[in-house]
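Colleague: Provided herewith is a single structure, encoded as structure tokens, for subsequent inquiry.
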Amino acid sequence: MSVPTLDKSVNIVKNRDQVVTTLASLIEQVSNDRIQKHSVFNIGVSGGSLVAFLKEGLPKIQTDFGKWRIFFCDERVVPEDSPDSTYGQYKQLISALNLKENQFVTIKQGVSAQEAAEDYVRKVAQQFPQDAIPKFDMLLLGMGPDGHTCSLFPGHKLLEERSKWVAAITDSPKPPPSRVTLTFPVINNALYCVFALCGKEKADMVKRILVDGEDLPATRVKPNGGTLVWIMDEEAGKYLK
Ligand SMILES: O=C(O)[C@H](O)[C@@H](O)[C@H](O)[C@H](O)COP(=O)(O)O
């Protein structure tokens, strides 16, 4: 797979196809490194357009998917068979990548957002017993047109959460309203935080975050001692040139 090399934190590639291949190549590199060192690859995925990027890109990479544990950076509190369920959208990857269902760490079904968040904290803690704060190998993030990431929205009190690793939100401005989300203490403890995005509708917000440094949720993703990578197409990055 010939893709542009990632030599900086902000990578503007030609088009959506190259976002898919560049993202997949980075995931391939990091997953193989982590599996070689720790025999497991702990990755968090988001919903939105990232789902399609991964469905297209992951089947083309060489890695031991059997060593992957897949978490959700955020998840909607809906039944798994709802079209709004992020896990429901990723389920197709189970057969495509020969995964086992239990490699996805999913949220508890049939409970409130608060209960789902409390349960997810326990599930996450189980996978990172040695860590004072869970240290994900890689978190794959989207950025909404309002600068949100995960289910952390501009002006929301959850932006200030400093102790809970996973929080519930019931007033998400992006439907559906009830979700669980990782919080910044966990997000910024990851080894890699990777934003992947496309399209001119994101260009203004990309400029406000990466040029103007406006304090928006996506601006606050600054992995401590980790690596932040942005991968976007020319349309999304048109104000960065
Ligand atoms: O489940 C979700 O809604 C996401 O996790 C959310 O944070 C998403 O990543 C952004 O809204 C960007 O979505 P798009 O890439 O579709 O614009």
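Colleague: Which one, T219, N32, L99, projects farthest toward the positive side of the charge dipole computed for the chain from Cβ point charges (K/R +1, D/E -1)?
Modeller: After comparing all options, I get N32.
Colleague: Right, next: Filter the trypsin sites (Lys or Arg not before Pro) in region 80-125 down to the DSSP loop ones having no more than 13 other Cβ atoms within 10 Å, then list what survives.
Modeller: Filter output for region 80-125: K100.
Colleague: Carbon and sulfur together cover what percent of the accessible area of the chain at a 1.4 Å probe radius?
Modeller: With neighbouring chains kept in place, the figure for the chain is 49 percent.
Colleague: What FRET efficiency comes out for the pair V211/K164, r = Cβ-Cβ distance, R0 = 25 Å, nearest 0.05?
Modeller: 0.20
Colleague: Next question. Could you work out the relative contact order of region 107-208? I mean the mean sequence separation of Cα pairs under 8 Å and 6+ apart, divided by the number of residues, in percent.
Modeller: The normalised contact order for region 107-208 reaches 32 percent.
Colleague: For D81 and Q130, FRET efficiency with R0 = 41 Å and r from the beta-carbon atoms, rounded to 0.05?
Modeller: Here the calculated transfer efficiency is 0.70.
Colleague: Report the residue, chosen from V229, V211, V40, that carries the largest GNM mean-square fluctuation when the chain is represented by alpha-carbon nodes joined by springs under 10 Å.
Modeller: For the chain, modelled as a Gaussian network with Cα springs under 10 Å, the answer is V211.
Colleague: What FRET efficiency do you get for V40 and K174 if R0 is 51 Å and r is their Cβ-Cβ distance, rounded to the nearest 0.05?
Modeller: The calculated FRET efficiency here is 0.95.
Colleague: Let me ask something else. Under the definition of Cα pairs under 8 Å and six or more residues apart, what whole-number percent is the relative contact order of the chain?
Modeller: 23 percent
Colleague: Also: Please report the antiparallel percentage of the DSSP beta bridges confined to the chain, to the nearest 5.
Modeller: Antiparallel: roughly 25 percent of the beta bridges in the chain.
Colleague: How high is the relative contact order of region 1-118, in percent, with contacts defined as C-alpha pairs under 8 Å that are six or more residues apart?
Modeller: 22 percent
Colleague: Can I ask one more? Taking the Cα centre of region 10-233 as origin, sum charge times position over the Cβ atoms of Lys and Arg (+1) and Asp and Glu (-1), and report the length of that vector in debye to the nearest 20.
Modeller: Using only the charged Cβ atoms, the result is roughly 360 debye.
Colleague: Shifting gears a bit: Mean residue ellipticity at 222 nm from the helices of the chain, using -39,500 (n - 2.57) per DSSP H segment of n ≥ 4 over the full residue count, to the nearest 500 deg cm²/dmol?
Modeller: So the calculated ellipticity at 222 nm is -8000 deg cm²/dmol.
Colleague: Taking the Cα of A52, stepping 7 Å toward and past its beta carbon, and measuring to each backbone N in region 66-85: which are under 19 Å?
Modeller: Label zone hits: 83-85.
Colleague: Per residue, how many Å² of accessible area does the chain show with a 1.4 Å probe?
Modeller: Ligands and nucleic acids excluded, the result is 44 Å² per residue.
Colleague: While we're on this one: Determine the equivalent ellipsoid of the chain by diagonalising the alpha-carbon gyration tensor, then write out the semi-axes as square roots of 5 times the eigenvalues, largest first, rounded to whole Å.
Modeller: Values for the chain, descending: 24, 22, 17 Å.
Colleague: Another question, if that's okay. Placing +1 at every Lys and Arg Cβ and -1 at every Asp and Glu Cβ, with all other atoms neutral, what dipole size does region 10-69 have around its Cα centre, in debye to the nearest 20?
Modeller: Dipole magnitude for region 10-69 comes out near 80 debye.
The values are calculated or read from the model by the stated rules, or taken from the named source; none is laboratory data. As the structure is a computational prediction, the values presented were derived from the model and not from experiment. Virtual Cβ from ideal backbone geometry, glycine too; neighbours counted across all protein chains shown. The accessibility values were calculated without ligands, DNA or RNA, using every heavy atom of the protein model including side chains. Shrake-Rupley method; radii C 1.70, N 1.55, O 1.52, S 1.80 Å.
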